[in-house]
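One structure below.
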Protein chains: 2
Amino acid sequence: MTIKAKIRLYVDAPLGQGQSLSLSRDQAHYLTGVMRQKAGAMVALFNGRDGEWQAELVEAGKRKAVLSCVEQSKPQKIPPDLWLYFAPIKKTRTDFIVEKAAELGAARICPVQTDFTNAERIRQDRLQAHAVEAAEQCGETYVPPVEALQKLNAVLGNWPEDRKLLFCDETLVEDATKGLQGEVGEKWAILIGPEGGFSDAEITRLRAMKATRSISLGPRVLRADTAAVAALTLWQNALGDWR
Amino acid sequence: MTIKAKIRLYVDAPLGQGQSLSLSRDQAHYLTGVMRQKAGAMVALFNGRDGEWQAELVEAGKRKAVLSCVEQSKPQKIPPDLWLYFAPIKKTRTDFIVEKAAELGAARICPVQTDFTNAERIRQDRLQAHAVEAAEQCGETYVPPVEALQKLNAVLGNWPEDRKLLFCDETLVEDATKGLQGEVGEKWAILIGPEGGFSDAEITRLRAMKATRSISLGPRVLRADTAAVAALTLWQNALGDWR
């Protein structure tokens, strides 16, 4: 009988049958100090590439913890090819968007600076840590990379021909979700603006792009974090792996 | 030309042509102290019943502020008849669920105690204040009432015959959104469990109820707050006022 580990950790090392690895000092402290695990305890590990593995704690020191992979408990899953572009807003709401994007199966998380974005920099490492934590919590084997902050104009200027762009247009009233049509397996990205929306110039440019598909998120003005979750939900339900 | 007020306040008083009202001490302090508004300034007011009104600040004291309604700027809107039942979780995530439910147009917010809910009490007034703030921010004219904490078993025991119950069942794999069928204008409720889900007894009871419609929220394990936003989105999109 397999004992399923309750503690789940993201690691950077390769995972595979019989593979041993040392945890980072922080993770060793968490596992043996905070969670008080002793040698012999089972821990679930994933690295975003090799699926999830049940691993045995073979050395449990305060600063050093060594684990040995016993068996694979989940195959590696790759989410549909959906990217989320969003304009960073207040700290907790930005953290929240990253957490929810990881939970809802975005393949890549891309902060963008728009005309109405105040943020000039982001803490990419901190946001990446939020994506890792969301994956640890939710039993995911994949962790979406959080990209560096880019300017929206540059992103749109280099938009790849084969990727559709889902634009949540607050002014759209009819055929609200008509834009969410396509074949399963296509490349998509969702674009969520900051509180206050996009500038007129941005809207004009977005509407003129061949890649753009517009949808409405209903008659209410949604906060940016709500809009991100709602758009990810509608996309996964219509074109992603929810059906 | 009407000057549209940027500040938007929820008040309890009746609103109508020529109607005057005094703000509470806290709101007066916010308006004149924090936001430094002077007599003559315009403020948008709503009370959940009479739509939104543009009102002029006619007396601007530190502890007293008197406003006079000038004209209605939005008619009163009533959202579709959708209730959200959810199990309170950690403080910030519970606050978040209430905020998002108000934003996404739930008509009523009902915290429930399930077998796996740790919370034995909630701060109903604080949660209600979050719903008010969400409505203020998002330009809504309606504020969903936040009910007192009830036991799920009691709620299910008295379930009204004419209200469908949307149950987000993690074990459902096929026909994931088949449960989301119905006529526009019907009465519905969404039920979201705590982290850790429902007990076996609760699941058995829910599945046996005539009112229950089951849906799946995809192959990932979602946190309770994410599940609430996703379910509200799918319902509004399929049966609510998003289409």
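Checked across the stretch B:146-161, the condition of being away from every other protein chain (no Cβ under 14 Å), surrounded by fewer than 23 Cβ atoms within 10 Å (Cβ to Cβ) and at pLDDT below 95 holds for at least one residue.
Here is the figure for the stretch A:81-105: residues that are under 18 Å from A:Q150 (Cα atoms), in contact with a strand residue (DSSP E or B) (Cβ under 7 Å, 6 or more places away or on another chain) and assigned to a loop (DSSP other than H, G, I, E, B) total 2. Considering the stretch A:98-122, the residues that are charged (D, E, K, R) and within 17 Å of B:R220 (Cβ to Cβ) include one that is farthest from the other protein chains (Cβ to nearest Cβ), namely A:R108. Restricted to the stretch A:196-243, and to residues there that are within 14 Å of chain B (Cβ to nearest Cβ) and acidic (D, E), the residue that is surrounded by the most Cβ atoms within 10 Å (Cβ to Cβ) is A:D225. Being closer than 23 Å to B:A227 by Cα and open to solvent by 10 Å² or more (accessible area, probe 1.4 Å): is that true of A:V132 here? It is true that A:V132 is closer than 23 Å to B:A227 by Cα and open to solvent by 10 Å² or more (accessible area, probe 1.4 Å). Of the residues making up the stretch B:187-243, those that are of a type in the set (D, E, K, R) and at pLDDT 90 or above are B:K187, B:D200, B:E202, B:R205, B:R207, B:K210, B:R213, B:R223, B:D225.
When residues in the stretch A:16-50 are screened for being surrounded by fewer than 17 Cβ atoms within 10 Å (Cβ to Cβ) and small (G, A, S), 8 of them pass. Regarding B:K187, is this residue open to solvent by 10 Å² or more (accessible area, probe 1.4 Å), under 23 Å from the mean Cα position of the chain (by Cα) and away from every other protein chain (no Cβ under 13 Å)? Criteria met by B:K187. Could we say that A:T117 is free of Cβ contacts under 8 Å to residues at least 12 places away in the same chain and either in a helix (DSSP H, G or I) or open to solvent by 10 Å² or more (accessible area, probe 1.4 Å) (or both) here? It is false that A:T117 is free of Cβ contacts under 8 Å to residues at least 12 places away in the same chain and either in a helix (DSSP H, G or I) or open to solvent by 10 Å² or more (accessible area, probe 1.4 Å) (or both).
State yes or no: is A:P80 within 14 Å of chain B (Cβ to nearest Cβ) and crowded, with 17+ Cβ neighbours inside 10 Å? Yes. Out of the residues in the stretch B:83-97 meeting the condition of being within 12 Å of chain A (Cβ to nearest Cβ) and without any contact (Cβ under 8 Å) to a residue 60 or more places away in the chain, tell me which one is least open to solvent (accessible area, probe 1.4 Å). The residue in question is B:D95. Residues of the stretch A:57-78 that are farther than 14 Å from A:V11 by Cβ and in a strand (DSSP E or B): A:V58, A:E59, A:A60, A:V70, A:E71, A:Q72, A:S73, A:K74.
The values are calculated or read from the model by the stated rules, or taken from the named source; none is laboratory data. No experiment lies behind these values; they were computed from the predicted model shown. Note: ideal-geometry Cβ built from the backbone for every residue, glycine included; neighbour counts use all protein chains shown. Side chains are part of the model used for accessible areas, which takes the heavy atoms of the whole protein and leaves out ligands, DNA and RNA. Shrake-Rupley method; radii C 1.70, N 1.55, O 1.52, S 1.80 Å.
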